[in-house]
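Undergrad: Once you've had a glance at the structure underneath, I'll fire off some questions.
The values are calculated or read from the model by the stated rules, or taken from the named source; none is laboratory data. What you see is a predicted model; the values in this text were computed from it and never measured. Here the Cβ is made from the backbone with ideal geometry for all residues, glycine too, and neighbour counts use every protein chain on show.
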Amino acid sequence: MRTTSNLHAALQRLRLFDSHHLVWADAVCINQADIEERSTQIRLMRSIYSRAHETVDFLGEAGEEAMLAIELGQKILDLAYSLPKAGQDTTTFGPLTTIVKITPDNYESYRLPPSQGKEWIALRMLFTVPWFRRVWIIQEFALSRYVSFRWGDILFTFEYLVRLSHLLRGQV
């Protein structure tokens, strides 16, 4: 069977050598040229996504930029959701979580790379992957129990991406 280079790469990345699992790929499972079949299959997608143990969305191949982006993102999340320092207010339920405002003006003070550094460029690449412009991805998030992403060798969660994008709104 012929597949796109992106689907081929996704299947290679998702392959597990020590266990079996089912993979559903619309490009394989739906005859895209047959409008009637496509319409029928689209109606089944609710069931497919809601019954799936996990939905893994493949964002494409990536090199070093994937690791640079995810590591910078994790550093930002760790800073933003850091626990209070000694002397900060606490409640009877324990320490309050503080959210640090991170802007290009204070990158240096938080030991983040400069805004034009390769790490930020890689993070911008993540948020501009063409996959995010697909309209039908909304149902994947709305219907799936658990969503994760694979970008090259790197696997990360939907929650990670949402938290990071919320913190960086307007910066990348």
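Undergrad: Name the residues in segment 151-166 that are over 11 Å from Glu54 (Cβ atoms) and either at pLDDT 95 or above or not small (Gly, Ala, Ser) (or both), would you? Break it down into steps so the answer makes sense when it comes.
TA: We begin by selecting, within segment 151-166, every residue over 11 Å from Glu54 (Cβ atoms); these are 151-154, 156, 159-166.
Residues satisfying the conditions are Trp151, Asp153, Ile154, Phe156, Glu159, Tyr160, Leu161, Val162, Arg163, Leu164, His166.
Undergrad: So Lys85 passes all but one of these: (1) modelled with pLDDT of 90 or more; (2) not in a helix (DSSP H, G or I). Which condition number does it fail?
TA: Condition not satisfied by Lys85: (1).
Undergrad: Is it the case that segment 116-131 has a residue that's under 23 Å from Ser47 (Cα atoms) and either touching a residue at least 40 places away in the same chain (Cβ under 8 Å) or surrounded by 15 or more Cβ atoms within 10 Å (Cβ to Cβ) (or both)?
TA: yes
Undergrad: Additional query: Here is a check on your reading of the model: is Glu108 exposed (fewer than 10 other Cβ atoms within 10 Å of the Cβ), at pLDDT 85 or above, farther than 24 Å from Ser148 by Cα and not aromatic (Phe, Trp, Tyr)? Lay out the reasoning, then the answer.
TA: Values: exposed (fewer than 10 other Cβ atoms within 10 Å of the Cβ): no; at pLDDT 85 or above: yes; farther than 24 Å from Ser148 by Cα: yes; not aromatic (Phe, Trp, Tyr): yes.
Spelling it out, it is not the case that Glu108 is exposed (fewer than 10 other Cβ atoms within 10 Å of the Cβ), at pLDDT 85 or above, farther than 24 Å from Ser148 by Cα and not aromatic (Phe, Trp, Tyr).
Okay, residues lined up against (1) in contact with a strand residue (DSSP E or B) (Cβ under 9 Å, 6 or more places away or on another chain); (2) of a type in the set (A, V, I, L, M, F, W, C):
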residue	(1), (2)
Leu123	no, yes
Leu126	yes, yes
Pro130	yes, no
Arg134	no, no
Gln139	no, no
Tyr146	yes, no
Phe149	yes, yes
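Undergrad: A follow-up question, please. Test each condition in (1) part of a helix (DSSP H, G or I); (2) within 21 Å of Glu61 (Cα to Cα) for His166 and report the one that comes out false.
TA: Tallying (1) part of a helix (DSSP H, G or I); (2) within 21 Å of Glu61 (Cα to Cα), His166 fails exactly one: (2).
Undergrad: Does segment 23-46 include one or more residues that are in a loop (DSSP other than H, G, I, E, B), surrounded by fewer than 16 Cβ atoms within 10 Å (Cβ to Cβ) and at pLDDT 85 or above? Full working, then the answer.
TA: Let us first name the residues in segment 23-46 that are in a loop (DSSP other than H, G, I, E, B), namely 23-25, 30-34.
From what's left, surrounded by fewer than 16 Cβ atoms within 10 Å (Cβ to Cβ): 23-25, 31-34.
Filter once more, so that each one left must be at pLDDT 85 or above: 33-34.
Yes, segment 23-46 has at least one match.
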